[in-house]
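The values are calculated or read from the model by the stated rules, or taken from the named source; none is laboratory data. Note that the structure is predicted; figures quoted are calculated from it, not measured. A quick note on method: Cβ atoms are made from the backbone with ideal geometry, for glycine too, and the neighbour counts reach across all protein chains shown. For accessibility, only protein heavy atoms count, side chains too; no ligands or nucleic acids. Shrake-Rupley method; radii C 1.70, N 1.55, O 1.52, S 1.80 Å.
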Amino acid sequence: MSHRRTTRVRLALIATFPTVLTVPLLALLAAFGEVPGEVLPALPVALAVHAVVTYLRLGRAVTR
(Lines give C-alpha, C1' and ligand atoms only; values in the text may rest on other atoms or scores of the structure.)
Protein backbone atom coordinates (compact mmCIF):
# COMPACT_ATOMS: atom_id res chain seq x y z
CA MET A 1 0.00 0.00 0.00
CA SER A 2 1.43 3.35 -0.97
CA HIS A 3 2.19 6.02 1.59
CA ARG A 4 -0.51 8.29 0.14
CA ARG A 5 -3.16 5.56 0.34
CA THR A 6 -2.15 4.67 3.90
CA THR A 7 -2.48 8.31 4.90
CA ARG A 8 -5.90 8.54 3.27
CA VAL A 9 -7.09 5.39 5.08
CA ARG A 10 -5.87 6.72 8.41
CA LEU A 11 -7.51 10.10 7.91
CA ALA A 12 -10.78 8.48 6.85
CA LEU A 13 -10.81 6.31 9.99
CA ILE A 14 -9.89 9.25 12.21
CA ALA A 15 -12.75 11.25 10.70
CA THR A 16 -15.22 8.59 11.83
CA PHE A 17 -13.99 8.70 15.43
CA PRO A 18 -16.44 11.38 16.65
CA THR A 19 -19.27 9.32 15.22
CA VAL A 20 -17.98 6.23 17.02
CA LEU A 21 -18.18 8.15 20.28
CA THR A 22 -21.95 8.40 19.86
CA VAL A 23 -22.41 4.61 19.79
CA PRO A 24 -22.49 4.16 23.59
CA LEU A 25 -24.91 7.07 23.91
CA LEU A 26 -27.26 5.61 21.32
CA ALA A 27 -27.02 2.17 22.92
CA LEU A 28 -27.97 3.69 26.26
CA LEU A 29 -30.88 5.59 24.73
CA ALA A 30 -32.06 2.43 22.95
CA ALA A 31 -31.89 0.50 26.22
CA PHE A 32 -34.24 3.01 27.81
CA GLY A 33 -36.54 3.07 24.78
CA GLU A 34 -35.80 6.67 23.82
CA VAL A 35 -34.69 5.72 20.31
CA PRO A 36 -35.87 2.75 18.24
CA GLY A 37 -33.80 -0.40 18.53
CA GLU A 38 -33.41 -0.45 14.75
CA VAL A 39 -30.93 2.41 15.05
CA LEU A 40 -28.19 0.19 16.50
CA PRO A 41 -27.80 -2.19 13.51
CA ALA A 42 -27.69 0.82 11.19
CA LEU A 43 -24.65 2.30 12.93
CA PRO A 44 -21.97 0.06 11.37
CA VAL A 45 -23.41 0.79 7.93
CA ALA A 46 -23.39 4.52 8.59
CA LEU A 47 -19.81 4.41 9.87
CA ALA A 48 -18.63 2.41 6.84
CA VAL A 49 -20.33 4.80 4.41
CA HIS A 50 -18.85 7.78 6.25
CA ALA A 51 -15.35 6.31 6.06
CA VAL A 52 -15.66 5.47 2.35
CA VAL A 53 -16.99 8.91 1.43
CA THR A 54 -14.19 10.58 3.41
CA TYR A 55 -11.60 8.34 1.74
CA LEU A 56 -12.92 9.21 -1.71
CA ARG A 57 -13.09 12.92 -0.97
CA LEU A 58 -9.51 12.89 0.30
CA GLY A 59 -8.43 11.24 -2.97
CA ARG A 60 -9.92 14.06 -5.00
CA ALA A 61 -8.27 16.66 -2.77
CA VAL A 62 -4.85 15.03 -3.15
CA THR A 63 -4.99 14.74 -6.93
CA ARG A 64 -5.88 18.41 -7.50
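In segment 1-12, what residues are within 11 Å of TYR55 (Cβ to Cβ) and open to solvent by less than 100 Å² (accessible area, probe 1.4 Å)?
THR7, ARG8, VAL9, LEU11, ALA12
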Quiz item: Could you say which residue among THR54, THR22 is without any contact (Cβ under 8 Å) to a residue 24 or more places away in the chain and hydroxyl-bearing (Ser, Thr, Tyr)?
Solution: THR22
Quiz prompt | Condition check for LEU58: in a helix (DSSP H, G or I) and either loosely packed, with under 13 Cβ neighbours inside 10 Å or under 12 Å from the mean Cα position of the chain (by Cα) (or both) | solution = no
Quiz item: Quick one: how many residues across segment 24-39 are open to solvent by less than 50 Å² (accessible area, probe 1.4 Å) and part of a helix (DSSP H, G or I)?
Solution: 4
Self-check item: Residue identified as open to solvent by less than 80 Å² (accessible area, probe 1.4 Å) and touching a helix residue (DSSP H, G or I) at 6+ places or on another chain (Cβ under 8 Å) among ALA15, ALA42
Solution: ALA15
